[in-house]
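Each reported figure results from applying straightforward, stated rules to the coordinates on display, with no laboratory input. Here the structure is a predicted model, which means the values were calculated and not measured. Because the Cβ atoms are built from the backbone with ideal geometry, glycine has one as well, and the counts that use them run over all protein chains shown.
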Amino acid sequence: MAIYSNLTVDQGSNFLAYVDITDSEGNPLNLSGYTVAGQIRKTYSSLTAVNFSAAVNSALNGTISLTLSDTVTNGMKAGRYVYDVEILSNSGSRTRVLEGQVEVTPGVTQV
């Protein structure tokens, strides 16, 4: 079952989050051989999506990283979105590990 967590992204800024993935006993999940994918959409049924740059940061510690560049966040309209993150094993097993809402806060400074 995925962990539910809301995120806040500042429009026009870089975003970086590290997430520790654990097993049912709370131990770090060994992510060797896993890939990570995550998307943000305005609604669950939206056809367009913003992709996180997602990667396994530390396989043995079960840590993944999620990033969005300032260019990507600048292209997003301020408002509320939904997202999820999945891990995919080398055997093809897909597991949703994180989901929730993303609040994109509007920027004021224009440079």
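Data for the structure
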{"read-out": "Integer Hz, Karplus 6.51/-1.76/1.60 couplings in order for segment 67-81, x for Gly and Pro", "value": "9, 9, 7, 4, 5, 5, 5, 5, x, 8, 6, 4, x, 9, 10"}
{"read-out": "Net length gained if the chain between I3 and E103 were fully extended (0.36 nm per residue, minus Cα distance)", "value": "34.3 nm"}
{"read-out": "Residue order, fewest to most beta carbons within 10 Å, for S65, S5", "value": "S5, S65"}
{"read-out": "Loop GluC sites (Glu not before Pro), segment 1-100 (other Cβ atoms within 10 Å of the site Cβ: 11 or fewer; DSSP)", "value": "E25"}
{"read-out": "Net charge of neighbours whose Cβ lies under 12 Å from the Cβ of Q39, counting Lys and Arg as +1 and Asp and Glu as -1", "value": "0"}
{"read-out": "Footprinting exposure proxy for L31, L68, L60 (fewest neighbouring C-beta atoms within 10 Å first)", "value": "L60, L31, L68"}
{"read-out": "DSSP beta bridge pairing in the chain, given as percent antiparallel to the nearest 5", "value": "85"}
{"read-out": "Normalised contact order of segment 3-105, rounded percent, pairs of Cα under 8 Å and 6 or more residues apart", "value": "38"}
{"read-out": "Over segment 1-55, relative contact order from alpha-carbon pairs under 8 Å, at least 6 apart, %", "value": "21"}
{"read-out": "Nitroxide proxy distance, nm - points 7 Å out along Cα→Cβ at T22 and S69", "value": "3.5"}
